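Undergrad: Below you'll find the structure I mean.
FYI, it's all coordinate maths here, none of it is from the lab. The model shown is predicted, which means the values in this text are computed figures rather than measured ones. Glycine also receives a Cβ, built like all others from the backbone with ideal geometry; neighbour counts cover every protein chain displayed.
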Amino acid sequence: MARYADLGLVDWVESGGGPLVVVPADVLARWEGADSEGPESDYDRACAVFGYTGLLAVGPSHALVLGDEPSSTVFLPEHGVFVRWVAAESEAELLGSVGAALADAAWKDGQVWEVPGPVVLFDSAWPGSDVEPDNHARVDLEAGRYEVRAALVEPNSETAFQLVQLVRRDRPVPSR
């Protein structure tokens, strides 16, 4: 995984120019990337996603495509959010803005993603059976239904990032 030169606070997953994809680990080998046989590769399908996110069938599950820009991305489990670096003076500045941004974000999308368990974030051009050894991240999600919502956040004139938050939707709401 790539690390930015300043603090190296987290490991970022990079794209070679196309979208990143988040594929359930139990169907990872079914993602064929740019090497798919047939008229349209999995990579082509990922590139056709319009907007911040989209869902694509992969065997009996779905992959989450992180569209719009091929931004460096990290998952922050404490917030249940993928952070996609658009612009910032430093990694520390960008990551330090996430907490406030979650509260103020103008969320879009709202798709529901059924997740069978852990997922893997990687460059959609790569086959899932052979992801880049140092450029992917395993995200230990619990099986369940998640609302996927996204936002572009610009906390100041020099900082911008996308948030793709996974909000658990199949848990009972606690009574007050």
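Undergrad: Hey, rough spin-label estimate for V112 and E89, points 7 angstrom out along Cα→Cβ, what's it come to in nanometres?
TA: A separation of 4.4 nm, rounded to one decimal place.
Undergrad: To the nearest 20 Debye, how big is the dipole of the stretch 52-106 about its Cα centre, given +1 on the beta carbon of each Lys and Arg and -1 on that of each Asp and Glu?
TA: Its charge dipole is roughly 260 debye.
Undergrad: Here is a further query. If amide H atoms are built 1.01 Å from N in the plane of the peptide, which residues on other chains or at least 5 residues away come under 5 Å of the amide H of G67?
TA: Residues meeting the criterion, in which the H sits 1.01 Å from N, are T53, G54.
Undergrad: Output ³J(HN,Hα) for the stretch 147-158: one whole-Hz value per residue in order, computed from phi by the Karplus curve 6.51 cos²θ - 1.76 cosθ + 1.60 with θ = phi - 60°, and x for Gly and Pro.
TA: Karplus-based 3J(HN,Hα) across the stretch 147-158 equals 7, 9, 10, 9, 7, 9, 10, 10, x, 7, 5, 10 Hz.
Undergrad: Provide the gained length on full extension for the span D11 to A29, in nm with one decimal, where the gain is 0.36 nm per separating residue minus the Cα-Cα distance.
TA: 4.2 nm
Undergrad: If you average the sequence gap of Cα pairs under 8 Å that are 6 or more apart and divide by the length of the chain, what percent do you get for the contact order?
TA: 28
Undergrad: If R₀ is 25 angstrom, what is the calculated FRET efficiency for the pair D44 and E132, using the beta carbon separation as r and rounding to 0.05?
TA: In this case the efficiency is close to 0.80.
Undergrad: Same structure, new question: What size of dipole, in debye to the nearest 20, comes out for the stretch 20-168 about its Cα centre when the only charges are +1 on Lys and Arg C-beta atoms and -1 on Asp and Glu C-beta atoms?
TA: Using only the charged Cβ atoms, the result is roughly 540 debye.
Undergrad: Shifting gears a bit: Give the long-range amide H neighbours of A160: residues separated by 5 or more places, or on another chain, with amide H under 5 Å away, using H modelled in the peptide plane at 1.01 Å from N.
TA: Under 5 Å from the amide H of A160: V86, A87, A88.
Undergrad: Once phi is turned into ³J(HN,Hα) by the Karplus curve 6.51 cos²θ - 1.76 cosθ + 1.60 with θ = phi - 60°, what whole-Hz value does each residue of the stretch 58-74 show in order, with x for glycine and proline?
TA: Working through the residues one at a time gives 9, x, x, 10, 10, 9, 9, 8, 9, x, 6, 10, x, 6, 4, 9, 9 Hz.
Undergrad: What's the ranking of 106-112, 20-26 by average number of surrounding C-beta atoms within 10 Å, highest first?
TA: My ranking of the peptides, most packed first, is 20-26, 106-112.
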